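The values are calculated or read from the model by the stated rules, or taken from the named source; none is laboratory data. Quantities reported herein were computed from a predicted structural model and do not represent experimental measurements. Here the Cβ positions follow ideal geometry from the backbone for every residue, glycine too, while neighbour counts run over all protein chains shown.
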Amino acid sequence: MSNLSLTLFALAMVLAGPLLTLAALPSASHGLVLVLSPPWTDREAPIARAGGHGLGTRISSLGTLAQADNAEFATRLRATGPFLVLDGRAIAALCGVTG
């Protein structure tokens with residue numbers, strides 16, 4: 001195996017746990033979520049159609065935090081076609097934010 005292959009394999013093993021944790025579906029169907037989608041798409045319209053609103057900066061390349069009180073928010077949002085809808089609370093916890 002080449003050094004590049006070994007390096008990529010090691011990186012994949014180190015990142016596998018955190019990525020699988022983040023890829024888990026939101027534990028509740030509402031609340032804080034991270035919406036990952038291509039940078040050339042409009043994220044605000046699908047979030048609004050799903051019954052939520054974006055939080056924080058709107059200029060990030062791939063992700064937007066969104067929140068809603070609608071019980072079907074994550075399910076509806078997932079149906080609009082973003083790459084992933086991740087549990088925002090899990091992401092916040094990785095950054096040291098609780099509550």
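Brief remarks follow.
- Any chance Ala16 is modelled with pLDDT under 75, at negative phi and of a type outside the set (Lys, Arg): yes
- Look at segment 32-46: where a residue is closer than 16 Å to Gly56 by Cα and a partner is surrounded by fewer than 19 Cβ atoms within 10 Å (Cβ to Cβ) and among the β-branched types (Val, Ile, Thr), sitting 6+ places away or on another chain with Cβ atoms under 6 Å, you get Leu34/Ile91.
- When His30, His53 are checked against the criterion of being over 13 Å from the mean Cα position of the chain (by Cα) and modelled with pLDDT of 80 or more, His53 stands alone in meeting it.
- Arg89 being part of a helix (DSSP H, G or I) and at pLDDT 80 or above: no
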